[in-house]
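Trainee: Shown below is the structure under consideration.
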Amino acid sequence: MRPYTDQSGPAASPSSGDAVPDRPTAAVAAVERPVAAGDRRRKWRSRRYRWDTKYSPYAFVAPFFVFFAAFGVFPLLYTGWSSLHRVSLSAPNDMEWVGLHNYTRLLEDEFFWNALRNTFTIGVLSTVPQLLMALGIAHLLNYRLRASAFFRVAILTPYATSVAAATLVFVLLFGRDYGMINWALEGVGLGKVDWQSGTLSSQVAVSTIVIWRWTGYNALIYLAAMQAVPNDLYESAALDGATRWQQFLHVTIPSLRPTILFTVVVSTIGATQLFGEPLLFGGAGGQKGGASHQFQTLGLYLYEQGWFNFHLGRASAIAWAMFLILLIVAGVHLLIARRLRKSQ
């Protein structure tokens, strides 16, 4: 029979071959493990912060560049490539290389030059009165008036109106038989005018629609620029005995030169791309710009060639010709702006 042993007694001594754990070292290691893990987390957070600071701005602006590349750059490049081919809208994948033939054909196309002349004429008839009226309206709104906020909203209402709605209303106003404008002309002893059939009359009618839509928009731009002119200039001019009209000519206009140049360029670009107003004004055959193409603009001529005659390559060449015209306008704007800065 084995003797009873008290298991609660001291543990047996380890053999000489067993290693005795270093209790202080183990405690330090236990403390260092959380410290090392915390250092790794801090390093990871610091790295993420650097990445966020460096790459987040690109991520925020990336959607714009993606959409711009898809709907801006790619159509531009594809249009340029199509302009070098003979391609029909009914079979856009069947392209025949023709080089610069579409461009040289434009130089010999009387309808292209007619559209260019009409675009220039309508641009002048709409831009000059529009900016002059906008300048006068802004000058009136620049003074303290009752319900000035109401007038500022009211002059912007035509800009917010749909092109189709505005043009259809003006078609009724310029009607030959029952239009209100011809009724007013007959009331003062003048005869009726066939606004759509005549060359100058139709261009004046289209220009009137453009003037009505964009005068208020330009007036607000001028008003914002006028409010930025220092009052000290007006006070000095008043002390010198200048009238309101002289202050407008010698203080307001020189201070608005950059803004006026900006509106001239923007209006010129808009006139070059004019499309909706003459299309709807012409009715069913609006793409022709009248029976004799008397108010057909470059935009309408492009639309007619591409979507009615199915000459997609020729329409692409017209689009690039318009783009080159806009580049020339931008170049002239830069030269004039540089001279204005040097003269100041």
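The values are calculated or read from the model by the stated rules, or taken from the named source; none is laboratory data. Fair warning: this is a prediction, and the values are worked out from it, not measured in the lab. Cβ: placed from backbone, ideal geometry, glycine included. Neighbour counts: every protein chain shown. The accessibility values were calculated without ligands, DNA or RNA, using every heavy atom of the protein model including side chains. Shrake-Rupley method; radii C 1.70, N 1.55, O 1.52, S 1.80 Å.
Trainee: Keeping all protein chains in the complex and leaving out DNA, RNA and ligands, what accessible area do you get for MET95 with a 1.4 Å probe, in Å² to the nearest 10?
Mentor: 70 Å²
Trainee: How big is segment 196-241 along each principal axis, measuring the range of its Cα positions in Å and listing the largest first?
Mentor: Principal extents (largest minus smallest coordinate, Cα): 55, 22, 9 Å.
Trainee: I'd like the orientation of helix 23-68 relative to the chain: the angle between its Cα long axis and the longest Cα principal axis, in ° from 0 to 90, rounded to 10.
Mentor: Relative to the chain, helix 23-68 is tipped by roughly 10 degrees.
Trainee: Quick one: net charge around GLN294, please, counting Lys, Arg +1 and Asp, Glu -1 for every other residue with C-beta under 13 Å from its C-beta.
Mentor: Within the 13 Å Cβ shell, the charges total +1.
Trainee: Would you kindly find the accessible area of MET133, with a 1.4 Å probe and non-protein molecules such as ligands, DNA and RNA excluded, rounding to the nearest 10 Å²?
Mentor: Solvent-accessible area, nearest 10 Å²: 100 Å².
Trainee: Could you give P(r) for segment 140-207, binned at 10 Å from zero, as whole percent values over all Cα-Cα pairs?
Mentor: 18, 33, 24, 22, 2
Trainee: Let me ask something additional. Have a look at segment 48-123 and give its Rg and Dmax from the Cα atoms, expressed in angstrom.
Mentor: According to the Cα coordinates of segment 48-123, Rg and Dmax are 20.8, 64 Å.
Trainee: Calculate how steeply helix 163-173 sits against the longest principal axis of the alpha-carbon atoms of the chain, using the helix alpha-carbon long axis, and give the answer as 0 to 90 degrees to the nearest 10.
Mentor: With rounding to tens, the tilt is 10 degrees.
Trainee: Decide, for segment 173-305, between rounded, prolate and oblate: order the square roots of the alpha carbon gyration tensor eigenvalues as a ≥ b ≥ c, take rounded if a/c falls under 1.5, and otherwise choose prolate if a/b is larger than b/c, else oblate.
Mentor: Oblate shape, in that a/c is at least 1.5 and b/c is the bigger or equal ratio.
Trainee: Return the whole-Å distance between the Cα centroid of segment 47-69 and the Cα centroid of segment 88-154.
Mentor: Taking the Cα centre of each part, segment 47-69 and segment 88-154 sit 36 Å apart.
Trainee: Rounded to the nearest 20 Debye, what is the dipole magnitude of the chain about its Cα centre when Lys and Arg each give +1 and Asp and Glu each give -1 at the C-beta?
Mentor: The dipole magnitude comes to about 1220 debye.
Trainee: About its Cα centre, what dipole magnitude does segment 206-316 give when the only charges are +1 on Lys and Arg Cβ and -1 on Asp and Glu Cβ, stated in debye to the nearest 20?
Mentor: The dipole magnitude comes to about 380 debye.
Trainee: On a 0 to 90° scale, report how tilted helix 257-272 is relative to the longest principal axis of the chain, with both axes built from alpha carbons and the result rounded to the nearest 10.
Mentor: That works out to roughly 80 degrees.
Trainee: Tell me, what does the Kirkwood hydrodynamic radius of segment 96-162 come to in angstroms if you use every pair of distinct C-alpha atoms?
Mentor: 15.9 Å
Trainee: Sequence gap at least 6, Cα distance under 8 Å: using those rules, report the relative contact order of the chain to the nearest whole percent.
Mentor: It rounds to 24 percent for the chain.
Trainee: Largest first, what is the accessible-area ranking of ILE269, ILE328 with a 1.4 Å probe?
Mentor: Sorted by accessible area, descending: ILE328, ILE269.
Trainee: Sort the following peptides by mean Cβ neighbour count (other Cβ atoms within 10 Å, averaged over residues), highest first: 74-86, 50-62, 204-216, 256-268.
Mentor: Going by the mean number of other Cβ atoms within 10 Å, highest first, we get 204-216, 256-268, 74-86, 50-62.
Trainee: Another question, if that's okay. Enter the accessible area of PHE323 (Å², nearest 10), with the probe set to 1.4 Å and all protein chains included.
Mentor: That residue has around 70 Å² of solvent-accessible surface.
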